Amino acid sequence: MGNVLAVAPPSGSWWMRRKRAALPNPGSFDELHKSCKEVFPQQMEGMKLIINKNLSSHFQVSHQVHMSTIGLSGYHFNGKYMGDPQPGTNETFPLLTGDMDNAGSLNAQAAFLLAERVRSKAVFQVIIHITRQEPGKAGGCVCLTSTPCYADSSFQVPHLASRRGV
């Protein structure tokens, strides 16, 4: 093979200026693709009514009604609690969010700032399925919850609680 000659760029080049400039923090993983997602319109069929109300500087609620002739129609109630703004960031902690639909399913998220650079986030989902009561048999209520698996960053569904005689 032939000889290879590598020449370092001069000290005043754009490469050296680029290396010296500190790159800004891109933010949390959840916020990384948020600006890209906001560009695309939401596709839906029918009508959607959204009512938002700020009850205080920390608490807000919203109602969403979706009516469609093709898909499923539904209702969602959302509640959000936002704590005090943290110094040095544009985020507020603690952040508690809950969403309940017309079937009684609850999706909730809780985010806390444990230390200056340590954040925790928990996601909860409760699905309630009420069975139909037949004559001569007791009805039932099934509650399904999910718990995080920290080994592979996924959610498992090991808990299935059932209560008879409801």
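Would you grab the residues whose amide H sits under 5 Å from the one on ASN102? Only those 5+ places off in sequence or on another chain, please, with H modelled 1.01 Å from N. Residues meeting the criterion, in which the H sits 1.01 Å from N, are TYR75. In order along region 91-105, the phi-based Karplus estimate (6.51 cos²θ - 1.76 cosθ + 1.60, θ = phi - 60°) of 3J(HN,Hα) comes to 10, 10, 9, x, 10, 10, 10, x, 9, 10, 9, 6, 8, x, 6 Hz; Gly and Pro are listed as x.
Listing ASP101, ASP84 from fewest to most neighbouring C-beta atoms within 10 Å gives ASP84, ASP101. Distances between placed amide hydrogens fall under 5 Å for PHE93 paired with GLY83, ASP84, GLN86, all partners being 5 or more residues away or on another chain.
Each value in this text was obtained by applying a stated rule to the coordinates, not by laboratory testing. Computed from a prediction, not measured in an experiment: that's the story for all the values here. Virtual Cβ from ideal backbone geometry, glycine too; neighbours counted across all protein chains shown.
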